[in-house]
Amino acid sequence: MNHLTIHAEHRLNLIEPEIYGHFSEHLGRCIYEGIYVGEESEIPNENGMRTDVVTALREIQIPVLRWPGGCFADEYHWKDGIGPKNQRKKMINTHWGGIVEDNRFGTHEYFELCRQLGCKTYISGNMGSGTVREMSEWIEYMTFDGMSPMTELRAQNGHKEPWKVDYFGIGNENWGCGGNMRPEYYIDEYRRYQTYVRNYHSENKIQKVCCGPNDDDFHWTRKALETAYSGMPKDNHGTMDGFSLHYYVVPEGWSGPKGSATEFNEDDWYKTLNKALKMETLIIEHGKIMEEFDPEHIIGMVVDEWGCWYDVEPGTNPGFLYQQNTMRDAVVAAVTLNLFNSHSNLVKMANLAQAVNVLQAVLLTEGSRMVKTPTWYVFHMFRHHQGARLLRSEFIDLEETGSEEWKVPGLSASASIGNDGLMTVTICNLSVHETQELTIDVLQDKPCVQIAEAYILTGEMNHYNTFDHPWKVQEEKFQKYEVIDHQIRLSIPGGSIVMLRCNE
Ligand code: AHR
């Protein structure tokens, strides 16, 4: 029997809503077809944005959307994406399929999308192949509210008022596709570029995100921060607000085939989950290095790319990274989000890669049709954690599960208390088939626990939603629990995710 103790009176830090963020790159069918279809499209849209996709992203309360890349960001020249659409310069998207990018979707369209979504903005600037001037003029174009050449240009293009840039990344993966730089070189450049990311408006303090490591590249983290802080006071003078981390779960590794998204066995299930759990080690170990330089946690950890990366769906363009999404992905998402909640004293933002039609997408589209993936349901069930206070919780006697080679803990969980006074508990059973019995002890002053609502996401390990069967995997009401005073007893089927909302 597994036990989870929740200290309902022991409120910890706020879980930043941005932990539930998403990422949209000019890659494959993410922006074009997936999000943006143009005003003339027969697919229902508002100012070119698919209504079904915008609605589905609003349903999961998308807090922030990162754009335009990814690797694409470091070859994106923003001036190509403004002005009359038929006069916009075309380019080759060299990273992703070598296709022609006609820049139909640019700065104005991105802000219109975020307006419709009601989410914060996170733009990745081009440091790899762009100039300081280009970056600084983009910031001026987007945020300055006085008279200047850039604001005149913005007004000419139909937007007199400035927009709000909440987060701005200085380059992306500059250790790789963003220029193959060494950390010392990158940070020297970072210091220069970020100087010109001006805060033009007192109400728009732009949070600057520095390119951090990939996976377990602790050398990058140490060298980058050493160089960033060299000659700087401990508060870094506001030169850096976020430090990114990228980590993808690739079942078979990067060197050959990565593994199928849908055709896998139990051993693959546990291997994938084991690799997903590495996220915790990465947060802790990179976090320790960050703390050496920044003991007061002024700089937040920004996991701005994460998720599962498999071989593309057979018959699709290998450069488009289109993959299906099963219950295995849902469990990876649940385990990872529980980890982000648990370490939300360090993790201040995270962006799943990517929102639509690319990698571990929450939505897939085909023509006018759209399906919500199992991962979408996880974000829907976990949405109550956004902006809530983390509660101290711990497992006692947690049983291990797994295959002979790949071991994982049987359960993962996190708990928070929202402004509405409701406690949210999200639990995931990592065992592929075995039902897990769990007793939750809620330590609180109130006389008893009451369940306001309970939902489950469950299915066979490789179940997924298709355009013909879009509801195969979906959230359902959960009933297999009983409450006795301060104790909740649950029976959670293998490979399932449960969300409880409890009254004060
Ligand atoms: O998300 C796909 C790609 O993965 C991004 O463009 C890049 O930043 C990362 O390597």
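The values are calculated or read from the model by the stated rules, or taken from the named source; none is laboratory data. Model, not experiment: these values are computed from the prediction. Don't worry about glycine lacking a Cβ; one is built from the backbone with ideal geometry, like all the others, and counts go over all protein chains shown. Quick note on the areas: whole protein, heavy atoms, side chains included, nothing else; ligands and nucleic acids left out. Shrake-Rupley method; radii C 1.70, N 1.55, O 1.52, S 1.80 Å.
Scanning for something surrounded by fewer than 22 Cβ atoms within 10 Å (Cβ to Cβ) and not in a loop (DSSP other than H, G, I, E, B), does segment 349-365 turn up at least one residue? Among the residues of segment 349-365, not one is surrounded by fewer than 22 Cβ atoms within 10 Å (Cβ to Cβ) and not in a loop (DSSP other than H, G, I, E, B), which makes the answer no.
Residues that are within 28 Å of Ser403 (Cβ to Cβ), surrounded by 19 or more Cβ atoms within 10 Å (Cβ to Cβ), at pLDDT 95 or above and among the small types (Gly, Ala, Ser) do occur in segment 263-282.
Against the definition (free of Cβ contacts under 8 Å to residues at least 60 places away in the same chain, in contact with a Phe, Trp or Tyr (Cβ under 8 Å, 6 or more places away or on another chain) and either open to solvent by less than 30 Å² (accessible area, probe 1.4 Å) or within 16 Å of the ligand (Cβ to nearest atom) (or both)), how does Tyr247 come out, yes or no? So Tyr247 passes the test. Counting only residues that are of a type in the set (A, V, I, L, M) and crowded, with 20+ Cβ neighbours inside 10 Å, which one in segment 98-135 is nearest to Lys208 (Cα to Cα)? Looking at residues that are of a type in the set (A, V, I, L, M) and crowded, with 20+ Cβ neighbours inside 10 Å, I get Ile123. Of the residues Ile43, Ile123, Ile62, which single one is more than 16 Å from the ligand (Cβ to nearest atom) and within 24 Å of Phe168 (Cα to Cα)? After applying the criteria, what remains is Ile62. When residues in segment 210-251 are screened for being more than 30 Å from Asp311 (Cα to Cα) and not small (Gly, Ala, Ser), 15 of them pass. Every condition in (1) outside any loop (DSSP other than H, G, I, E, B); (2) of a type in the set (A, V, I, L, M, F, W, C); (3) open to solvent by less than 10 Å² (accessible area, probe 1.4 Å); (4) out of contact with any strand residue (DSSP E or B) (no Cβ under 6 Å at 6 or more places or on another chain) is met by Val371 except one, and the failing one is (4). Annotation: Pro257 fulfils all but one of (1) surrounded by 15 or more Cβ atoms within 10 Å (Cβ to Cβ); (2) more than 30 Å from Glu296 (Cβ to Cβ); the unmet one is (1). Scanning segment 65-102 for residues that are in contact with a His (Cβ under 8 Å, 6 or more places away or on another chain), of a type in the set (Val, Ile, Thr) and within 16 Å of the ligand (Cβ to nearest atom) yields no hits at all. Among Glu434, Glu482, Glu460, which is touching a strand residue (DSSP E or B) at 6+ places or on another chain (Cβ under 8 Å) and either in contact (Cβ under 8 Å) with a residue 24 or more places away in the chain or under 22 Å from Val335 (Cβ atoms) (or both)? Matching residue, one of Glu434, Glu482, Glu460: Glu434.
If you filter segment 58-93 down to residues that are open to solvent by 10 Å² or more (accessible area, probe 1.4 Å) and in contact with a Phe, Trp or Tyr (Cβ under 9 Å, 6 or more places away or on another chain), you find that the one that is nearest to Phe111 (Cα to Cα) is Ile82.
Of the residues Asn172, Asn180, the single one that is within 21 Å of Tyr76 (Cα to Cα), modelled with pLDDT of 95 or more, surrounded by 16 or more Cβ atoms within 10 Å (Cβ to Cβ) and within 16 Å of the ligand (Cβ to nearest atom) is Asn172. All of (1) free of Cβ contacts under 8 Å to residues at least 12 places away in the same chain; (2) touching a Pro at 6+ places or on another chain (Cβ under 9 Å) hold for Thr326 with one exception: (1).
Inside segment 16-30, residues that are open to solvent by 10 Å² or more (accessible area, probe 1.4 Å), out of contact with any helix residue (DSSP H, G or I) (no Cβ under 8 Å at 6 or more places or on another chain) and within 16 Å of the ligand (Cβ to nearest atom) make up a count of 0. Every listed requirement among (1) charged (D, E, K, R); (2) assigned to a helix (DSSP H, G or I); (3) within 21 Å of His463 (Cβ to Cβ) is met by Arg383 save one, (3).
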